[in-house]
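The values are calculated or read from the model by the stated rules, or taken from the named source; none is laboratory data. Bear in mind the structure is a predicted one, so any value in this text is a computation, not a measurement. Don't worry about glycine lacking a Cβ; one is built from the backbone with ideal geometry, like all the others, and counts go over all protein chains shown. Note: accessible area is taken over every heavy atom of the protein model, side chains too, but ligands, DNA and RNA are not part of it. Shrake-Rupley method; radii C 1.70, N 1.55, O 1.52, S 1.80 Å.
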Amino acid sequence: MNLLPKSHKEFSDKDYWNKFFKKRGNKAFEWYGEYLELCGHLHKYIKPKDAILITGCGNSSLSADLYDVGYTNITNIDVSEVVIRQMTGINAARSSMKFLNMDALNMSFENDVFNVVLDKGTLDALMPDDSKETNERIDKYFAEIKRVLKLGGRFLCISLLQTHILNKLVKEFCDNSWMFRIVRCHEAEQKNSENGDGNTLPVFVVVATKFKELPKLIIEVCMAGEKMIRLDTPQELLDCVKSVQDTAFVTNGLAKTNLDEDDEVSLDLTQPGEETPRYTLYVVDQKRMQAANKYAVFIVPQGRESEWLFGTAAGRRQLQQSAKFSRLAVVLLRRGQVYQSLDAVKEELAHSAKMLAPNGFSGQIPFLSVGSDVGRRVKVEEGSSKVSGDYVVEDVDVQGLTYRRLVFLDNQFLVQSEAKLKSVKKKNKVRTVIDFGEISTYHSFMCVGAQLVPAARVAVLGLGGGSLCMFLKKCFEELKVTAVDIDPAMLDLAQKHFQLEVDNRLEVQIKDGLDFLKDEAKKGEQYDVVMFDMDSKERGLGLSCPPPHFLHHLALQQVSALLQQHGHFILNLVCRDVKLHESILNTLKSHFKYLATVKLYEEVNEIVFATNSSKPYTTEDLETAAKGLNARARQKNLVNIKCVDLKDFLQSVTIVS
């Protein structure tokens, strides 16, 4: 039997409701949850002795449930005489409760007679659209509510708060004669989800309290937990409700469908009243996986969010395949937040995790992680650079080791610079220092370029924390390194927190890298190796390293001019766009005779070797150089075993030309 209206306008039609209740008979119809889901909110705002008016009562059992727990002064009205007859008969034993056939737009009550006017879905039924006719009708409804409420009385409205309805409520009740509050009712949403098709539309309780005059506008919301948040403007209120509704739209869609295998959905979770997200969640699906394990949540400990497995879409896809769940929600713990324990994080995520579950999932959600704690992230310094924007220097613990990192907050899941910390004992005092022998995998691959030739001069464009430059200086005692960075803040940070040593073997020039290339070429300077290790701020192009103008023809011509005949150009390339990547390699081929690349499987980086030497690149020569670099590093006591992982290096080498 189809009991849904043919069009949304029928929700406000008297004849529709008479037919509706005749078809349903005595079976209660609960649009927005029943007493058990709503009582936690209602009892906060209704006293047992209050005179209560329920508008548009329908055949809901809410008034009977309230009566049975001690709220006996209840008057119910409805425009449908059919439902009033039904409810009068059903509630005959509740002698002091009234059921009256009355239009809420034109009530016959005296002024100031009720402590509470309770509306459960009536406003939503009366206001199906934003037409002039509808607004005139709602003006009458609100005028009647304001008239019959006592001073200090409350208008409680349970609603889905469609945009036009919320706008109308704000216009009518957000002034100095009302205190206006909106509370989200999670209990009703959960009940609706369990009884329905998996959709969970947010249900709200609006509380407007009548005053003669308040000294200032009071607007409050509670969208999660018990904490009430005071807002400054009605627009903040509108934005807050819309955010909740938009999230529900996304999660409802996720419940009904599987994502394509190349897609993922990301959501930020923020505590009420805070601007900074507390968690970022990525949802990945596998359509083809017929796994008994349908859904799980993976919590990434602090400090590990930048690793390939957790910090990239491809890595998260592999994580899901390894975990063997058809849907996996990967949770990153955001910077600037405090997390007490892994159990506390699980408890905090419980509700959001349910929202992201696929349709048909039931039971307890498995929470997975690496280890048994939330990791450690300690802020060393934060600041802002005119060139690079906001940044943070922090110490993080990863698998029993501590690393110092520099992160630019405009892309906070990418580590700009990293150095391992170690403890040394000197004169019976233990100090924490930088371990210059521990460098990133892609930096170690770049250093192979310095081993390919008897290098005397190396230019490194992009200083960051200085780890690459310091390793070159420590490893190659005959080498002079010139580092170039456009941002003076990087030099200060590198010296202060990463123990960068500037002297006659390591020079730092603060200037635009393009100007450096032009000026050095003009002076006729020659380098054995030129390295690009710069990030790009124009990430929308699909190119994260280097900035695109450093790959234009003029810049590459100047690099070629700076190199000795036997010299090498070493490029740290991070490019996710396939066509752009192909174009970059073709551009490099037009300036250099020979190219080789090393693609890091568990990194986003690709190291490109380019030369105009008479000798082409071979896998054997690159292997010899990598082994030589490892031997040199051991000789200098920079590393105990190896600098370059030869297996990974050789498996990743491609001779391009």
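Solvent exposure of E34, expressed as accessible area, is near 80 Å², computed with a probe of 1.4 Å over the protein chains only. Computed extension gain for D139 through E347, at 0.36 nm per residue and net of the alpha carbon distance, reaches 70.5 nm.
Sorted largest first by accessible area at a 1.4 angstrom probe radius, with every protein chain in place, the residues M355, M102, M127 fall in the order M355, M102, M127.
Heavy-atom accessible area, probed at 1.4 angstrom with all protein chains present, ranks K212, K523 as K212, K523, highest first.
The simple Förster model, with R0 at 25 Å and r as the Cβ-Cβ distance, assigns D621 and Q399 a FRET efficiency of 0.15. Note on Y67: accessible area is roughly 40 Å² with a 1.4 Å probe, heavy atoms of protein only.
Looking at the chain alone, DSSP beta bridges between its own residues are antiparallel in about 60 percent of cases. The largest-to-smallest principal axis extents of the Cα set in region 259-369 are 39, 30, 21 Å. The slack between A521 and T270, meaning 0.36 nm per residue of separation minus the straight C-alpha distance, is 85.2 nm.
Modelled spin-label separation between D65 and A248, with each label point placed 7 Å from Cα along the Cα-to-Cβ direction: 1.8 nm. Take the Cα of E507, go 7 Å toward its beta carbon, and the backbone nitrogen atoms of region 463-488 under 20 Å from that spot belong to 463-464, 466-488.
Computed with a 1.4 Å probe over protein heavy atoms only, the accessible area of S423 comes to about 90 Å². Taking one quarter of the surface of the C-alpha convex hull of region 610-657 gives a mean projected area of 3.9 nm².
The D112 and E81 beta-carbon pair, evaluated with R₀ = 25 Å, returns a calculated FRET efficiency of approximately 0.35. For region 432-489, GluC sites (Glu not before Pro) are listed when DSSP marks them as loop and at most 13 other Cβ atoms sit within 10 Å of their Cβ; the list is E477, E478. Counting every C-alpha pair in the chain, the share spaced more than 50 angstrom apart comes to 34%.
Surface listing: I607, I655 arranged by accessible area from highest to lowest gives I655, I607, probe 1.4 Å.
Full extension of the chain between K379 and K647 gives 92.9 nm of extra length, using 0.36 nm per residue less the Cα-Cα distance.
Taking the alpha carbon gyration tensor of region 458-528, multiplying each eigenvalue by 5 and rooting it gives semi-axes of 20, 16, 8 Å, largest first.
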